[in-house]
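Heads up, the thing below is written out as structure tokens.
None of the figures in this text is laboratory data; all of them are computed from the coordinates on show. What you see is a predicted model, and the numbers here were worked out from it, not measured in a lab. Ideal geometry is used to build each Cβ from the backbone, glycine not excepted, and the neighbour counts take in all protein chains shown.
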Amino acid sequence: MTVLDQVRGLIERLSSEPICDDCICEKLGLTVRQHANHKTRELAGTPGFERRKDLCSICRGDKVVIRHLRK
Ligand SMILES: [Zn+2]
């Protein structure tokens, strides 16, 4: 399983709740922040995902978050 698969799986499990890069890093145990940032940017370009400035559902910070759009 690739890091991208892990990130995608985590976001999908949250249903439509938004999560920031920092929380993704923490949840998945990623060490380099830039790594999650790169993955969420990649996911944001695929259908079903939305990346924008909003409140993170985990840390409640006003950050760039990504969420899975319900169909
Ligand atoms: Zn967060």
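Tabulated values for the structure
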quantity	calculated
Helical segments meeting 20 Å axial Cα length and Kyte-Doolittle 1.0 threshold in the chain (DSSP H)	none
Helix-only mean residue ellipticity at 222 nm for the chain, each DSSP H run of n ≥ 4 adding -39500 (n - 2.57), per residue, nearest 500	-13000 deg cm²/dmol
Cα pair count fraction exceeding 20 Å, expressed as % - the chain	15 percent
Gain upon complete extension [Ser57, His35; 0.36 nm per residue less C-alpha separation]	5.9 nm
Relative packing of peptides 1-10, 36-45 - highest average C-beta neighbours within 10 Å first	36-45, 1-10
Relative contact order %, the range 3-68, counting alpha carbon pairs below 8 Å whose residues are six or more apart	40 percent
